[in-house]
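The values are calculated or read from the model by the stated rules, or taken from the named source; none is laboratory data. The model shown is predicted, which means the values in this text are computed figures rather than measured ones. Neighbour counts are summed over all protein chains in view; Cβ atoms, including those assigned to glycine, are modelled from backbone coordinates with ideal geometry.
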């Protein structure tokens, strides 16, 4: 036989019915209280999630603390040792080159480096020298001719002076004889006319002698000037011949030979370079963004081979090439002797130094938002706040407005916030 549930059925009494209803009320009240407590606890988190959208893991973000400290703006990089003075010796005249030094030889100032053989220039010098000798001979001949002609004129003047004196004496004798009644008055007049004629002849001879002196003076002066012009021509060509000898412009070392030995070179051809090892500098390439802050005289530091040397910025190129500017630094004092041209060294230039300013680590927030805002950590959220930044270095940024010391901001990874005003952060 199949048993039924009749044995389990019991009639309910009034007391048991009241207890069951009371237990249900207590259970319902407990559930309601637990729900209210859970809602109160979770309400702030729910509000943050509803306000900030999806939460972002804190591990994906770069966080930095705002603090007060020194800000050192510098630019660092690799530099190359170059010679501040590396003149190139050029061929001032064409000819065959004969070198007397090799690349790497040490040379002193005015030392002979080589010669240029120019037969045409040497022949021209000989020709002009011969012309100068001919003009000098003509000048000497003119001086002799002038003395000869002046001597003849002076002789004529002296003869005229004697004739005048003779006529004067004859006039005196005729006058005395006339007064004594020995001669007629006609004789006296004749003697007087002879004296006047002798006086005129003497005056002409004297004038001719003066004119000849002036003429000889001008003629000799013209020949002297022609000789002087020719001598200047000879001097200039001799200077050009002397320039065929190539001499070192500085104390240093022969750098690069630009032409081959025994080559026939034209005027204006670069032949070789001489490196002045006493004036070495270090050249570095600086990004265009820092180039406008560079100035001549800024302090710098050069390091290499386990040593450090103080330096100063000596020049900044005015031209930007491939987004970079070339800057040169010279050593303070005597350059180190162990350095070689084109040697690589570490270079650092101090652009600015400020003490006790509000700073924070540099991050992508500077480039992404232009430094106009930052996300500040507050109560588990990243809150967008407007800021203003000032000077920047490679690792630090000066904060002028919007932040306080001790606050933490997001310096990298904020692109995941998509510009939201509030973002919830998850541990």
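Let's see how each residue does on (1) closer than 30 Å to residue 126 by Cβ; (2) touching a helix residue (DSSP H, G or I) at 6+ places or on another chain (Cβ under 9 Å):
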position	(1), (2)
201	no, yes
204	no, yes
220	yes, yes
225	yes, no
235	yes, no
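Let's see how each residue does on (1) in the same structural domain as residue 173 (by TED's automatic domain parsing); (2) crowded, with 16+ Cβ neighbours inside 10 Å:
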site	(1), (2)
214	yes, no
227	yes, yes
248	no, yes
261	no, no
Checklist line | Which listed residue, of 286, 282, is modelled with pLDDT of 90 or more and in a strand (DSSP E or B) | finding: 282
Notebook entry, point to check: In the list 104, 52, 94, which residue meets the criterion of being modelled with pLDDT under 65 and under 57 Å from the mean Cα position of the chain (by Cα)?
Noted result: 52
Notebook entry, point to check: Out of 271, 232, which single residue is modelled with pLDDT of 90 or more and either crowded, with 19+ Cβ neighbours inside 10 Å or in a strand (DSSP E or B) (or both)?
Noted result: 271
Next item on the list: Kindly indicate which of 203, 198 is surrounded by 18 or more Cβ atoms within 10 Å (Cβ to Cβ) and either at pLDDT below 90 or in a loop (DSSP other than H, G, I, E, B) (or both).
Entry: 198
Margin query: Given the criteria assigned by TED's automatic domain parsing to the domain that holds residue 125, free of Cβ contacts under 8 Å to residues at least 24 places away in the same chain and assigned to a helix (DSSP H, G or I), does residue 238 qualify?
Written below: no
Check: Residue check: is residue 191 surrounded by 13 or more Cβ atoms within 10 Å (Cβ to Cβ) and closer than 30 Å to residue 142 by Cα?
Finding: no
Check: How about the stretch 309-349: which of its residues are over 19 Å from the mean Cα position of the chain (by Cα) and at pLDDT 85 or above?
Finding: 309, 310, 343, 344, 345, 346, 348
Next item on the list: For residue 153, indicate whether it is part of a helix (DSSP H, G or I), assigned by TED's automatic domain parsing to the domain that holds residue 234 and within 30 Å of residue 233 (Cβ to Cβ).
Entry: no
Next item on the list: Working only within the stretch 304-335, note down all residues that are in a loop (DSSP other than H, G, I, E, B) and either in contact (Cβ under 8 Å) with a residue 40 or more places away in the chain or exposed (fewer than 15 other Cβ atoms within 10 Å of the Cβ) (or both).
Entry: 305, 306, 318, 319, 320, 322, 323, 332, 333, 334, 335
Item checked: Criterion: more than 36 Å from the chain's Cα centre (by Cα) and more than 30 Å from residue 219 (Cα to Cα) - qualifying residue of 61, 113, 99 -> 61
Notebook entry, point to check: under 30 Å from residue 133 (Cβ atoms), surrounded by fewer than 12 Cβ atoms within 10 Å (Cβ to Cβ) and under 60 Å from the mean Cα position of the chain (by Cα): does that describe residue 223?
Noted result: no
Next item on the list: Tell me, yes or no, whether the stretch 188-199 has at least one residue that is out of contact with any strand residue (DSSP E or B) (no Cβ under 6 Å at 6 or more places or on another chain) and within 22 Å of residue 212 (Cα to Cα).
Entry: yes
Next item on the list: Restrict the check to the stretch 82-103 and report whether at least one residue is over 23 Å from residue 271 (Cβ atoms) and out of contact with any helix residue (DSSP H, G or I) (no Cβ under 6 Å at 6 or more places or on another chain).
Entry: no
